[in-house]
Structure formats: structure tokens, C-alpha cells
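What follows is a set of notes on a single structure, which appears directly below.
The values are calculated or read from the model by the stated rules, or taken from the named source; none is laboratory data. Treat the numbers as computed from the prediction; the structure is a model and nothing was measured. Positions of Cβ are generated from backbone atoms using ideal geometry, with glycine treated the same way; all protein chains shown enter the neighbour counts. Surface areas here come from the heavy atoms of the whole protein model, side chains and all, with no ligands, DNA or RNA. Shrake-Rupley method; radii C 1.70, N 1.55, O 1.52, S 1.80 Å.
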Amino acid sequence: EGNPHPVVSSGFVAATVHAKRAGQIELVRKLARRRRVIVVSPPVLKRTPEDDLVRDIIGSALTGAGAELVDTRFVLPDDGVLPDAFRHEDGIHGNAEYGEFILKHVRENVLANA
């Protein structure tokens, strides 16, 4: 009865992401001309190939605009999904311990390499 997951090309996804994020990417570009810009990606709640594709597209656009990207998929253990111990009670945000973990990572791995 039809495919519940319509198939679209990665080019279509990229064009859509760029169109929806154009203002944010331009802001990062302007800021990066004047200052060092470090962007931490949102926590990953689940990993799917589609989510990874969108994160890759956004990450590439941010680095292309001059930002340094901290991709939480590659900071958190295992598969990069936010562990329950780091989840806020709302289930979709990181908690204070997560924030501390990420800030420590930025201090030790990004700022230390400036």
C-alpha cells in the first residue's frame, strides 16, 4: 500500500536543508569573519541514515561558512546517541551533566588546539 518512507535524492535533501538554514548559515559566515565561531550540534536522540545525512549537510555548510563544528555524534560514546544519564527529564534535551561533558570536551579538544 505504498511506501511509508518516500525516497528522495540526497541532492533534494541538501537543497531543502540549505534553503531552510540559509539565514543561520549566513549569520555564521558573518560572525566567523570577525571572531572564532564554534558550533556544537544538538544531541542525537536516535541515529538513522536520514538524520545522519541532514547532520552531515548542515555540518558541511557550517564549516564552509567558517565555523568549527563539534559534532556530538563523534563526541558521545558508542553510537553518539544521547545516553539516558545525559537526558533532561523532557526527553529531548541534554541535562546539566551533558552540558558539563560537552563543555569539557570543547575546552580540552577544541580550545586547547587553538
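Just one residue in the set 58, 102 is surrounded by 17 or more Cβ atoms within 10 Å (Cβ to Cβ), in contact with a Lys or Arg (Cβ under 8 Å, 6 or more places away or on another chain) and not small (Gly, Ala, Ser); that residue is 58. Comparison of 89, 97, 108, 68 shows that the only residue that is open to solvent by 30 Å² or more (accessible area, probe 1.4 Å) and closer than 26 Å to residue 21 by Cα is 68.
Any idea which of 33, 21, 73 is of a type in the set (D, E, K, R) and either open to solvent by less than 90 Å² (accessible area, probe 1.4 Å) or in a loop (DSSP other than H, G, I, E, B) (or both)?
Residue meeting the stated conditions: 73.
Figure legend. Inter-residue proximity from region 47-60: first residues farther than 10 Å from residue 17 by Cβ, second residues of a type outside the set (Asp, Glu) and outside any helix (DSSP H, G or I), beta-carbon distance below 6 Å, spacing 6+ or different chains. Indicated pairs: 47/81; 59/69.
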